[in-house]
1. Those residues that are among the basic types (Lys, Arg) and modelled with pLDDT of 75 or more, I need them from region 151-181; list them, please.
2. When you scan region 90-110, do you find a residue that is more than 20 Å from residue 132 (Cβ to Cβ) and either surrounded by 13 or more Cβ atoms within 10 Å (Cβ to Cβ) or modelled with pLDDT of 80 or more (or both), even just one?
3. For residues that are assigned to a strand (DSSP E or B) and modelled with pLDDT of 75 or more, scanning just region 66-89, find the one that is surrounded by the most Cβ atoms within 10 Å (Cβ to Cβ).
4. Could you look through region 95-150, keep only residues that are among the basic types (Lys, Arg) and touching a residue at least 40 places away in the same chain (Cβ under 8 Å), and pick out the one that is farthest from residue 161 (Cα to Cα)?
5. Quickly run through region 111-134 and pick out the residues that are loosely packed, with under 14 Cβ neighbours inside 10 Å, of a type outside the set (Phe, Trp, Tyr) and not in a helix (DSSP H, G or I).
Amino acid sequence: MNFLNLVDVYITEALDNPYPYEYSDLDGGFVFYPDPSNKNIFYTVQTLRYGKDADDFRKNYTLEILFDYNDESTKQYGVTTMTNANRGDQFRIMATVKDVVMKYLGDKRNLNKIKIITFTSKNFEKGKTRLYSTLSQMLARSLGSDWEFSTAPGTGEDAGAVRFNIKKKVVEFPKPAATRRQVAAPTRHAVK
């Protein structure tokens with residue numbers, strides 16, 4: 001087996017091996033520990049669903065995913081930059097976030113109400129931007145051909161950010177053929 005095959009096997013296995021996670025009322029989302037023996041370092045994944053009445057890009061039944069790093073020993077909470085490589089295996093982190101989202105969407109009541117899944121990262125957060133790009137594309141593929149991946153620049157409070165969207169495709173049905181009643185009657189011309 002050559003080096004590239006080994007790398008491919010490692011990545012595939014890591015993406016199929018999420019960290020164990022649990023729901024936390026305290027954090028309002030799912031929590032996982034890259035090192036189960038060190039409960040000081042953990043990640044949170046929150047799924048926020050917005051309905052038709054939201055007042056910004058989140059309207060129209062959007063599921064926004066928030067993902068943060070936390071370290072109680074240094075009192076760092078809600079860190080959104082991904083600069084320290086010792087915070088866990090990046091592929092297992094992606095697999096865990098993907099698993100949380102897929103579990104949430106596995107409930108048909110949730111999936112039927114969601115039209116857009118979105119992640120947002122600041123332009124200067126290069127690692128997080130790459131992570132979200134890859135993760136969004138993975139989720140779009142996992143959800144099937146009814147979903148598509150796109151990016152958009154942030155607006156309003158998210159100016160200077162990149163928004164990664166996974167949208168449910170709009171299916172347009174062909175218009176039915178006209179019925180006899182809908183067919184216009186020929187006009188009659190007066191003959192002189």
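1. Here is the first cut: in region 151-181, the residues among the basic types (Lys, Arg) are 163, 167-169, 175, 180-181.
Result: 163, 167, 168, 169.
2. Filtering region 90-110 for residues more than 20 Å from residue 132 (Cβ to Cβ) gives 106-110.
Pick out the ones that are also either surrounded by 13 or more Cβ atoms within 10 Å (Cβ to Cβ) or modelled with pLDDT of 80 or more (or both) and you get 110.
The answer is yes; a qualifying residue exists.
3. The initial filter retains those residues of region 66-89 that are assigned to a strand (DSSP E or B), namely 66-71, 76-79.
Those left that are additionally modelled with pLDDT of 75 or more: 66-71, 76.
On the way: 66: 15, 67: 24, 68: 16, 69: 22, 70: 18, 71: 15, 76: 13.
That would be 67.
4. Filtering region 95-150 for residues among the basic types (Lys, Arg) gives 98, 103, 108-109, 113, 115, 122, 126, 128, 130, 141.
With the extra rule that they be touching a residue at least 40 places away in the same chain (Cβ under 8 Å), the set shrinks to 98, 113, 115, 122, 128.
Numbers: 98: 21, 113: 26, 115: 21, 122: 4, 128: 11 Å.
The qualifying residue farthest from residue 161 (Cα to Cα) is 113.
5. The one that is loosely packed, with under 14 Cβ neighbours inside 10 Å, of a type outside the set (Phe, Trp, Tyr) and not in a helix (DSSP H, G or I): 123.
The values are calculated or read from the model by the stated rules, or taken from the named source; none is laboratory data. Keep in mind it's a predicted model, so treat the numbers as computed, not measured. Quick reminder, even Gly has a Cβ in these numbers, built from the backbone with ideal geometry, and neighbours come from all protein chains shown.
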